[in-house]
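To start, the structure itself, in structure tokens.
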Amino acid sequence: MPLNELNSQRRLFSIKLWPPNQITSQMLLVSIFTQKYGSLSKEEAEENAKRVEDVVFATANEHYEKEPDGDGSSAVQLYAKECSKLILEVLKRGPTIRDEKEVLASDKVSAPRDTVFDISKGARSFIEVKEAEEILKPLKEPGNCYTKISFSNRSFGPEGARVAEPILASIKDQLKEVDLSDFIAGRPEAEAFEVMNIFSPLPWKVAFSSL
């Protein structure tokens with residue numbers, strides 16, 4: 001067979017080794033990080049796999065472009081070498097552990113807090129000491145975000161009002177709306193005035209709703 005015809009046939013059956021399939025490569029890396037060694041979560045494995053693939057592909061592709069007539073074998077070898085090196089670095093480093101304060105801060109940001117404290121639902125009723133201590137507990141929680149309070153339809157006696165007064169005073173600067181309508185309804189006149197005197201010194205940022 002003539003030499004030129006033999007060379008032509010060889011060119012017809014030549015194999016290009018570069019570039020590799022990047023998606024397949026990333027899936028393989030994820031498998032290494034999660035299944036074979038079990039050292040990373042799926043999310044962190046995917047993140048590291050993409051980073052490793054991007055870095056080693058760029059390095060090996062630059063090498064291949066300098067040898068455009070080659071079959072890509074040297075680029076594949078460089079790719080495998082750099083990939084192995086970065087895989088070892090990731091495995092040695094292990095999973096990323098966030099600082100506990102950072103985790104707590106993140107949780108606070110992601111979890112919306114209630115801004116309305118409303119005990120007005122249901123039938124009209126009188127609030128005495130024990131019930132006042134129980135139902136007002138959320139207002140005492142550090143960092144609460146309540147800006148609106150509705151006591152409408154609930155009537156305070158003097159003892160219940162004395163429980164509520166220091167709690168309300170502690171969050172007065174964050175309140176934007178306070179609904180105390182009917183908060184002395186059904187009380188004897190003397191009790192009603194006493195309750196009003198207990199609440200009135202509070203330096204509210206807004207006026208009381210209709211009583």
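The values are calculated or read from the model by the stated rules, or taken from the named source; none is laboratory data. All values derive from a computational prediction rather than experimental measurement. Heads up, the Cβs are rebuilt from the backbone with ideal geometry, glycines too, and the neighbour counts pull from every protein chain shown. For accessibility, only protein heavy atoms count, side chains too; no ligands or nucleic acids. Shrake-Rupley method; radii C 1.70, N 1.55, O 1.52, S 1.80 Å.
Using a Förster distance of 22 angstrom, determine the FRET efficiency expected from the C-beta separation of ALA185 and GLU159, and round it to 0.05.
Rounded to the nearest 0.05, the efficiency is 0.80.
Mind listing the long-range amide H neighbours of PHE126? Cut-off is under 5 Å, sequence gap 5 or more, other chains count too, H placed in the peptide plane at 1.01 Å from N.
SER155
Per residue of segment 158-164, in order, report the coupling 6.51 cos²θ - 1.76 cosθ + 1.60 (Karplus, θ = phi - 60°) as ³J(HN,Hα) in whole Hz, putting x for Gly and Pro.
Each residue of segment 158-164 in turn: x, 5, x, 5, 5, 5, 6 Hz.
For LYS42 and SER200, compute 0.36 nm times the residue count separating them, minus their Cα-Cα distance, and round to one decimal in nm.
Fully extending the segment from LYS42 to SER200 adds 51.1 nm.
Would you calculate the separation in nanometres between label points at SER74 and GLU133, each defined as 7 Å from the Cα along the Cα-to-beta-carbon direction?
Roughly 8.4 nm, to one decimal.
For segment 140-147, take each phi angle, set θ = phi - 60°, evaluate the Karplus expression 6.51 cos²θ - 1.76 cosθ + 1.60, and give the result in whole Hz per residue in order, putting x for glycine and proline.
Once θ is set to phi - 60°, the couplings for segment 140-147 become 9, 5, x, x, 5, 10, 5, 10 Hz.
Which residues does the label zone of SER125 cover in segment 148-166, counting backbone N under 19 Å from a point 7 Å along Cα→Cβ?
Within reach of a label on SER125: 150-164.
ALA58: net charge of surrounding residues, Cβ under 12 Å, Lys/Arg +1, Asp/Glu -1, itself excluded?
Once all neighbours under 12 Å are counted, the net charge is -4.
Run the numbers for LEU91 and LYS50: contour at 0.36 nm per residue of separation, minus the present Cα-Cα distance, in nm.
13.3 nm
At a probe size of 1.4 Å, how large is the accessible area of ARG93, to the nearest 10 Å²?
130 Å²
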